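Shown next, in structure tokens, is the structure this report addresses.
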Amino acid sequence: MVGTPLFSNAKKILLLGSGELGKEVIIEAQRFGVECIAVDSYENAPAMQVAHRFHVIDMKDAGALRAVIEKEKPDLIVPEIEAINTDTLKEMESEGYHVVPTANATKLTMDREGIRRLAFEKLGLRTAKYEFAENLDELKEAVTRIGIPCIIKPIMSSSGKGQSTIKSESDIETAWNYAKSAARGIGTKVIVEEFIKFDYEITLLTARTAQGTRFCEPIGHIQVDGDYHESWQPHPMCAPTKAKAQAMAKKITDELGGYGIFGVELFVLDDEVIFSEVSPRPHDTGMVTMVTQKMSEFEIHARAILGLPVNVDIVSPGASHVIKSEILKWAPEYEIHEASKVKDTKIRLFGKPIAKVGRRMGVALAISDDVIKARENAEKVAHLVKIK
């Protein structure tokens, strides 16, 4: 732990996971006088750089997690990543601690099996066909039933890690090994999903607040190897389809409960809306809201969990594009001079202490009169940033 408490009467947030999204949440929370403590498995994570103090622990370790919660006695426990012992969070909630949005929502959404069964089997939402497998033989049988092509994912992972597309039977064993290598939590169970040739996919940021549920404008996005690559807002949708998407998002977030922002991922095929996943926290595709909305998804999240009103109005079309490293280096340097010359753009570098090949190190943001131009400029800036 570094630092000493600065406040005696302020609300206190304990952030579990200290990546780039959590960093922005802490910045917004501090603007409301909130004391912020960051937790992660390694020192100098992005959110730790702006927190009042931090702890380095294995958050899957029940004893270590309980110890830090009991030491800090936070008003709000805010999970930011998947690799957390959610059973401990449920125990702590039963003892009077407040988990955002709830411990049960955190547990369900960090487990693709739990959230898929909730969405389809309990709530009756349209999803891709799916099955689960715990070993290679079960996986082969599941692929036969679902059909090729199909998608293989660990039931718990982050940022698309462990995800593969099966295009032939020869891909199955490789996909199984990759999923096992990227799985978080206990076990190696995977989900096999039908491959849907959707027209487009969106993130519908859904804010549950003390004043009711609010929807941000749809965010279109593209993933590469299952990971966010670029996003834009607003994504055009006809009114009836948008209404269907909002109804689906409200149904599942109402079931999960609590306050805060939820990133609801949806596929759209013709005028049909298909549920994909939901995250009970700011979403990586939602980083575009730092330039497109009156309040970013991070400010909305901070306000919602503090019981404050939110504003989801959009002020300009815009886009985001990831800045990824092509090198492996501790304490990387950045050349941003040329990138900074592009009009109506911003660069947000996350401050990750080590660059790895393919690791997301920042995001380029752009606004314009139309989304197409914003996307072009965001991509241009992302490619002009040099990591060395």
query = Over the chain, what is the mean sequence separation of C-alpha contacts under 8 Å (at least six apart), divided by residue count, expressed as relative contact order in percent?
reply = 13
query = So how far apart, in nm, are the two label points at Asp344 and Ala243 if each is 7 Å from Cα heading toward Cβ?
reply = 3.2
key: Only Lys, Arg (+1) and Asp, Glu (-1) charged, at Cβ; region 129-194 dipole about Cα centre in debye   = 320
note = Burial-style ranking of 258-266, 297-305, 68-76, average other-beta-carbon count within 10 Å with highest first, yields 297-305, 258-266, 68-76
remark   = Straight-line reach check, Lys140, cutoff 29 Å on alpha carbons, 8 or more apart in-chain or any other chain, hits among lysines -> Lys107, Lys122, Lys129, Lys153, Lys161, Lys167, Lys180, Lys189, Lys197
ask   = What is the Cα coordinate range of the chain on the first, second and third principal axes, sorted by size from largest, in whole angstrom?
value = 59, 51, 46
query = Remind me, what semi-axes does region 231-388 give for its equivalent ellipsoid, largest first in whole Å, using sqrt of 5 times each Cα gyration tensor eigenvalue?
reply = 30, 19, 16
task = Would you work out which of Leu365, Gln223, Ala302 lies farthest towards the positive end of the dipole of region 200-387, given +1 charges on the beta-carbon of Lys and Arg and -1 on that of Asp and Glu, about the Cα centre?
result = Ala302
inquiry  = Charges on Cβ only, +1 for Lys and Arg, -1 for Asp and Glu, centred on the Cα centroid of the chain; of Ala378, His235, Ala331, which one is farthest towards the dipole's positive end?
reply    = Ala331
ask   = Which value in nm describes the separation of the simple spin-label points at Phe132 and Ser170, placed 7 Å from the Cα toward the beta carbon?
value = 3.3
task = Quick one: grab Rg to one decimal and Dmax as a whole number for region 42-123, Cα atoms only, in Å.
result = 13.9, 43
ask   = What shape does region 304-348 have by the C-alpha gyration tensor, where a ≥ b ≥ c are the square roots of the eigenvalues, rounded means a/c under 1.5, and otherwise prolate means a/b greater than b/c and oblate the rest?
value = oblate
ask   = Can you work out D for region 129-194 in µm² s⁻¹ from Stokes-Einstein, where Rh is the Kirkwood radius over C-alpha pairs, the temperature is 25 °C and the viscosity is 0.890 mPa s?
value = 219
key: Per residue, the convex hull volume that the Cα atoms of region 313-375 enclose (Å³)   = 93
query = Expressed as a rounded percentage, what relative contact order does region 129-194 have, with Cα pairs under 8 Å and six or more residues apart?
reply = 46
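No value in this document is a laboratory result; all are computed from the given coordinates. As the structure is a prediction and not an experimental result, all values here were calculated from the model. Here the Cβ is made from the backbone with ideal geometry for all residues, glycine too, and neighbour counts use every protein chain on show.
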